[in-house]
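> Have a look at the structure that comes next, please.
What follows is calculated from the coordinates using simple rules that are stated; it is not laboratory data. Here the structure is a predicted model, which is why all the values come from computation and not from measurement. Glycine also receives a Cβ, built like all others from the backbone with ideal geometry; neighbour counts cover every protein chain displayed.
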Amino acid sequence: MEETLWYMQRDILEIIFSNLNGVSLSRAQQVCAVWNEVLRDMYERTSVWQKCCEKEIPNEVLEEITSNLYPGWSHCGTETNWHCVYKAWRRWMRKRKTPCTVRSVFSSEERLEWVTSVKASGSCIVTGHKDGSIKFWSRFSGFLGGVFHHARAVTDLGLMIYNPKGNLFIQNTKWDVRHNLLISTSKDRSIKIINLETGFTSWSLTCHLMQTCMVRSYKEMFAVLSLDDIVSLWKICSLEFDKEPPLLIATVAFQQLPVCAISIWRYKFSGLSVDARRFWRDKICPGDLAVLDEDFVHFEGVTECQMLEAHAWRDNIYTWITSGHTIYVAVDNKAVQYNTMQDLRSYPVTILLYGNILFLGMESGDVILYFFKDPEDLLNLDLKNHHRRFSFQHSPVSALDIVEYDTCTAIVVGTLKNVYCVNLVY
């Protein structure tokens, strides 16, 4: 009889727990040993954490965070730890200051050229430099070796994973990375593709006539922008990268609409015009990869300006820094201008958007975080009321990246001659 009552109580508890949000579930697990046992059993048998993620996290943010934790992730994947996904999201959502540690990746003896870009994968950090070099670092032990070179400065770095067998991790013993490929662009016009599984350069592509300045990737595709407003679209067709080069599927020229930033998101290809008053969207069919439905949209309330740095995020958010050191943030066809010198006493150098957080890398060496619930909130930011602020020895912040782990999140910060890891724990 007592055993029957116990199982009835378990059933009732499971019904109650299945209707709680993620924060309440975490607190319930700490109430007593019985609740902890019931919840642990639920986690193994049910999709309670997946339901919490899909219910509470905005769809685009969920895909971005999950893809960061599990490169190559898809909805049909079975190895996703949804509790880790939820905790990663909550690390950014917490209003009070999350505990953190800051450490320098480079040793003080290193003499390095200007860091132009950084990317993080697993415990490996990749840096691109003004002298054309690409270097690999461990966030725990420093320089790993394996220096690659462009003839001129590295302008951008991108990471890809493409595995039709559906494996979520590529755990490499040499680099300890989660991705298959590193793609780099440079002022020497070339596109280098480094196979991270072997540690060798697989291909050096030279289809552009002017310097390549930006690379963006999504699933098995990547796009490269050059200064002559040419965009090349590529597809990885085989896991045997060293034997079969990427397939060039399209070359798009924008003579009437010069382009300064591009994005690929969910097979939507978008970009921002140089005059900062228009953007365009194309839909890309992943089957035959035809470019369809070209759509030009004008921003409201934007005057012509010279841009120092511009980015397209997802398929409807755009940011750019002007020569007057102001920031424009645009969502769909609306844009707003922010004067950081007036509110933050410093000029912006670089911008990163990730999940529900907008990051500003400043000339003063500060990285400033702003939380937003909906993309439209980016049009009404109070610059003085920031979510978090980190300072890095008064050296301008030249590059930013994010990498998620099961137990912490790392913000990778590139300054002129150093790279730092800020580890946020839950």
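> Counting Lys and Arg as +1 and Asp and Glu as -1, what is the net charge of the other residues whose Cβ lies under 12 Å from the Cβ of Met362? Display every interim value, and only then the final one.
Details: positive: Arg345, Arg389; negative: Asp343, Glu363, Asp366.
Once all neighbours under 12 Å are counted, the net charge is -1.
> Given points 7 Å out from each Cα along the Cα-Cβ axis, report the Asn339 to Ser67 separation in nanometres with one decimal.
Once both label points are built, they end up 3.7 nm from each other.
> Now a separate question. Sort out for me the Cα centre separation of segment 13-27 from segment 382-397, rounded to whole Å.
Each part reduced to its Cα centre gives a spacing of 37 Å.
> Here is a further query. I need the shape label for segment 301-426. Rule: rounded when a/c is under 1.5, else prolate if a/b > b/c, else oblate, with a, b, c from the alpha carbon gyration tensor.
Oblate, because a/c is 1.5 or more while a/b does not exceed b/c.
> Can you give the FRET efficiency to the nearest 0.05 for Ser138 and Ala253, using r as the Cβ-Cβ distance and R₀ = 45 Å?
It comes to 0.60.
> Here's something else I'd like to know. What FRET efficiency comes out for the pair Ala33/Leu209, r = Cβ-Cβ distance, R0 = 51 Å, nearest 0.05?
E(calc), rounded to 0.05, equals 0.15.
> If I stretch the segment between Ser47 and His325 completely, what's the gain in nm (0.36 nm per residue apart, minus their alpha carbon distance), one decimal?
Values: separation 278, 0.36 × 278 = 100.08 nm, distance 4.74 nm.
That works out to 95.3 nm of additional length.
> Just to confirm a number: summing +1 for Lys and Arg and -1 for Asp and Glu over residues other than Arg345 whose beta-carbon lies under 11 angstrom from that of Arg345, what do you get?
-2
> What FRET efficiency, computed as 1/(1 + (r/R0)^6) with R0 = 51 Å and r the Cβ-Cβ distance, is obtained for Lys417 and Asp11, rounded to the nearest 0.05?
E between Lys417 and Asp11, to the nearest 0.05, is 0.25.
> Under a point spin-label approximation (7 Å from Cα along Cα-to-Cβ), what is the Val23-Lys243 distance to one decimal in nm?
5.4 nm
> Next up: Could you go through segment 363-369 in sequence order and give the Karplus-derived ³J(HN,Hα) for each residue, using 6.51 cos²θ - 1.76 cosθ + 1.60 with θ = phi - 60°, rounded to whole Hz, and x for Gly and Pro?
Values, residue by residue: 5, 6, x, 8, 10, 10, 10 Hz.
> Could I ask something else about it? Work out how much length Thr101 to Thr198 would gain on full extension: take 0.36 nm times their residue separation and subtract the Cα-Cα distance, in nm to one decimal.
31.7 nm
> Follow-up question, since we're still on this one. Between Gln306 and Lys373, what length in nm is gained on full extension when 0.36 nm per residue of separation is reduced by their alpha carbon distance?
21.1 nm
> Is there a pair in Lys130/Lys417; Lys219/Lys268; Lys119/Lys373; Lys119/Lys192; Lys192/Lys243 whose C-alpha atoms are over 18 Å apart, and which pairs would that be?
Lys119/Lys373
> Arranged from highest to lowest average of other beta-carbon atoms within 10 Å per residue, in what order do the peptides 31-42, 399-410 appear? Working shown, then result.
Values: 31-42: 13.7, 399-410: 19.7.
My ranking of the peptides, most packed first, is 399-410, 31-42.
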